[in-house]
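Take a look at the structure below.
The values are calculated or read from the model by the stated rules, or taken from the named source; none is laboratory data. Please read these numbers as outputs of a predicted model, since none were measured by experiment. We place every Cβ from the backbone using ideal geometry, glycine too, and count neighbours over all the protein chains shown. Keep in mind that these areas ignore ligands, DNA and RNA; they rest on the heavy atoms of the full protein, side chains included. Shrake-Rupley method; radii C 1.70, N 1.55, O 1.52, S 1.80 Å.
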Amino acid sequence: MSIKQPFTELSIKKQVGGFYHDNSLPIALISKGIMVALVIWALVWPANAQGTLGSINSQLLAVFFNQFYVIIVGLFTFFLLVVAVLPSTGKRIMGRAGEKPEFSNFSWFSMMFGAGLGVGLMVFSIAEPVGLWGGNPVVLSGEVAARSPEAVESAYRHTFAHYGFHAWAIYVVTGLSLAYYAYTRDMPLTIRSALTPLFGNLMNGFLGHLVDVLGVVATILGVSVTIGFGVSQFINGVYAITGMDWMMNFAGGAPAPAKVGLIAGLFVIMGLSIISAVSGVGRGVKYLSNLNLVLSLILLFTFVLFGSFAFAMTTYATAFVDYMIHFLSLSFGAYGPQDLESFTAALPAAAVPFAGELMGGATNPWAGGDFEVFKSGLTGDAAALDDTTLRAVYDAGNHGRQYGWQAGWMTFYWAWWIAFSPFVGLFLARISKGRSVREFIVGCVFAPALVCFAWMTILGGTAIDLELSGIANGAITGTNGPNMLFVTLAHILDGGLLSALTVMCVVLILTFLVTSADSGILVMNTIMSGGSQKTGIKHRIVWGLILTAVIGTLLVAAGEDDPMVALRSAMIIGAVPFTVVMGLMCLALGKALYRDGLRDNAAGKK
């Protein structure tokens, strides 16, 4: 029985002249219009923008999107596992029969590693494990004390979850979908190609434009959050070197980057990014990526030589086993918000009259899971309740604390990686022609995750060991997250070596930021041009300016206490529709692999 051939007649209409020559006008105008509207809103009505974005974000997560994000990322991971394990799908080559990989394994891994990481590992290498050491689901439930030796294992369980197999599975779902259609069906390397098995000719019209626009919007918001965090660490580093007080805000005790410092740093980084993007991948991105790799290895070996390497490696081994034991619960253990009715129903009778007053403190995940902090925040008659009753009240709020923590940590990461996936996925697809599906999944999910684990334990483990031994004496835990790297370096080095490593880290952060921004600019132009890898210089400049405006205005719109809050809210909201697109990508890829297998069998191929 003959099987209908797959739809490959994808045609993206492009302008034949003018400013948008060789670009899709609907994709360009709609995506730019959305971003410009966001910029104007944040610039003219900053307080309204921050409040509205925060409210929409909270309402989305409270409805069901917190569970949606957690569960669908778990499904992405297991979908890829099944595709890799099945012989009929895993062995398929992304290219013509007999086609060999374009790059060596070493070059392939190096490029892949640099694309998916960089800024995140610099900013959160210490902030992530140290932050989770002070508060994670196990700590919040009261099973172990915050910042105790017993809390290290659960801190790294969730650090590994956020930077491990789930994170890379998000990238690979997009990358595998794009690569498969581009190299087995000669289709454009753009987002809409991945949905053609489901929607066929509809991808040539408005629906296809919409899918590509969602990819552009997700990319610009994901890159914006990345640049925002990176600029914060960049300013911390510049302050550590120069001591320029005007860049910092001292109102909260420990100095943190002020808005004026963040905006100044943003202009420097985005100016260099636009120059790099204009120079093209062959020169700008390639040279910066090579520099990034060398400086990263120097930083890593500094911690190996001067840090707590034995503690880190012991932590790596035990945490990895613990991570795998809890892999299923990390994949699908999703929480919804706790309402007053369910909270009240779980209270002892003596506490019921004070349920409304008690709920806020009992369900607050940011008190570090500390019962004593909860008690100290009570006033009036509620504070007079006995310890046994208050302990029961605190236990009754555990579900609410778990939800608040998950929405603030895990869901934020899943949304960030999803928003980043058009950028990273398209890049992974570009460099993976000639690889088998199984090779792509194993190489792009498991290998880089293991390196992430080592990076997080070597750098973060040193910081935790300094705190546990009393050497740091709260200096690391008491500073802002992006500054933890520099404070930790100051405890393991001194003199000229410390100064040299601090300068090197600032340079490394700068090059990672420039690489991320200019690569994002190039990807946005690739989508806008219907998959073309050669895009006009003027469009790179325009998108660079738009990216700068989005980040700058959302930083200004946020409060001084947390300048990143508006960016985070916008990114989580913007990632929701692309998450749906990624779910459809899995269905489409499953159908394509199955149907291609049937076609091969019908044609007598093995």
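Solvent-accessible area per residue in the chain equals 38 Å², computed with a 1.4 angstrom probe and all protein chains kept.
Helical content alone sets the calculated 222 nm signal of the chain at -23000 deg cm²/dmol, taking -39,500 (n - 2.57) per DSSP H segment of four or more residues and averaging over every residue. Can you grab the distance from the C-alpha centre of segment 242-282 to the C-alpha centre of segment 373-406, Å, no decimals? Each part reduced to its Cα centre gives a spacing of 41 Å. Here the chain is assigned +1 on the Cβ of each Lys and Arg and -1 on the Cβ of each Asp and Glu. Its dipole about the Cα centre then comes out at about 3200 debye.
Pairs spanning more than 29 Å between alpha-carbon atoms, out of 32/91; 4/91; 100/591; 4/32; 100/538; 32/259: 32/91; 4/32; 100/538.
Measuring only protein heavy atoms, the 1.4 Å probe finds residue 147 accessible over about 120 Å².
The C-alpha atoms of the chain define a longest principal axis, and helix 119-134 lies at about 30 degrees to it. Find the centroid of the Cα atoms in segment 192-217 and in segment 518-568, then give the distance between the two in whole Å. When both Cα centres are located, 22 Å separates them. Dipole check for segment 330-476: with +1 at the C-beta of Lys and Arg, -1 at the C-beta of Asp and Glu, and the Cα centre as origin, the magnitude is about 1120 Debye. Rolling a 1.4 Å probe over the protein heavy atoms of segment 321-398, with every protein chain left in place, gives an accessible area that is 58 percent carbon and sulfur.
For residue 494 and residue 244, a Förster radius of 35 Å and the Cβ-Cβ distance give a FRET efficiency of 0.95, rounded to the nearest 0.05.
Between the amide H of residue 249 and those of 256, 258, distances stay under 5 Å, these residues lying 5 or more places away or on another chain, with hydrogens modeled in the peptide plane.
Rolling a 1.4 Å probe over the protein heavy atoms leaves residue 386 with an accessible area of roughly 80 Å². Normalised by 2.2 N^0.38 Å, where N is the number of residues, the C-alpha radius of gyration of the chain stands at 0.98.
Find which of 262, 598, 79 sits farthest along the positive direction of the dipole of the chain, computed with +1 on the beta-carbon of Lys and Arg, -1 on that of Asp and Glu, about the Cα centre. Farthest along the dipole direction, towards plus: 598.
Percent of accessible area on segment 532-584 owned by carbon and sulfur, 1.4 Å probe? If you can, show how the numbers build up before the last one.
Numbers: 1150 of 1760 Å².
Of all accessible area on segment 532-584, carbon and sulfur atoms account for 66 percent.
Rounded to the nearest 10 degrees, the angle from helix 398-408 to the longest Cα principal axis of the chain is 50 degrees. When you work out D = kT/(6 pi eta Rh) for segment 488-589 at 37 °C and 0.692 mPa s, using the Kirkwood radius from C-alpha pairs as Rh and the Stokes-Einstein form, the result is 191 µm²/s.
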